[in-house]
Amino acid sequence: MAEPDRVTINVHLPFAGEISATDRMVPYDQIGEEANVLPADLNTPLAIYCRTGRMSAIAGRTFTGLGYTNVVELEGGMDAWVNSGRPLLTTPPE
């Protein structure tokens, strides 16, 4: 997720926190409708996450179906992130 060229996307719905340096918030069930905020280059590396991993698994299949070739998921989502001692931002983006 820390790779400089990787676009990090929070796909959790509703807002339940965010990892610092997240580039975009696109709900897992609205990826097709929100294509205008996604990278146009389908080879852009994407890192996706949700709270537990369930929504990001669905989102990963959606991104792959749209043609994205380099999609990684944060295993265990934000829950795993917090359990490893890392903080979450808790204020929703404006």
What residue, among those in region 23-33 that are under 13 Å from the mean Cα position of the chain (by Cα) and free of Cβ contacts under 8 Å to residues at least 40 places away in the same chain, is farthest from residue 57 (Cα to Cα)?
23
For residue 91, state whether it is within 13 Å of the chain's Cα centre (by Cα) and assigned to a loop (DSSP other than H, G, I, E, B).
no
Against the conditions (1) under 17 Å from residue 89 (Cβ atoms); (2) at pLDDT below 95, where does residue 50 fall short? Just the number, please.
(2)
Hits in region 1-21 - residues which are touching a residue at least 24 places away in the same chain (Cβ under 8 Å) and either over 14 Å from residue 71 (Cβ atoms) or within 8 Å of the chain's Cα centre (by Cα) (or both):
8, 9, 10, 11, 12, 13, 15, 16, 17, 18, 19, 20
Out of the residues in region 31-76 meeting the condition of being of a type in the set (Val, Ile, Thr) and touching a Phe, Trp or Tyr at 6+ places or on another chain (Cβ under 9 Å), tell me which one is surrounded by the most Cβ atoms within 10 Å (Cβ to Cβ).
48
In region 14-47, what residues are in a helix (DSSP H, G or I), of a type outside the set (Asp, Glu) and either in contact with a strand residue (DSSP E or B) (Cβ under 8 Å, 6 or more places away or on another chain) or modelled with pLDDT of 95 or more (or both)?
28, 30, 37
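The values are calculated or read from the model by the stated rules, or taken from the named source; none is laboratory data. Keep in mind it's a predicted model, so treat the numbers as computed, not measured. Quick reminder, even Gly has a Cβ in these numbers, built from the backbone with ideal geometry, and neighbours come from all protein chains shown.
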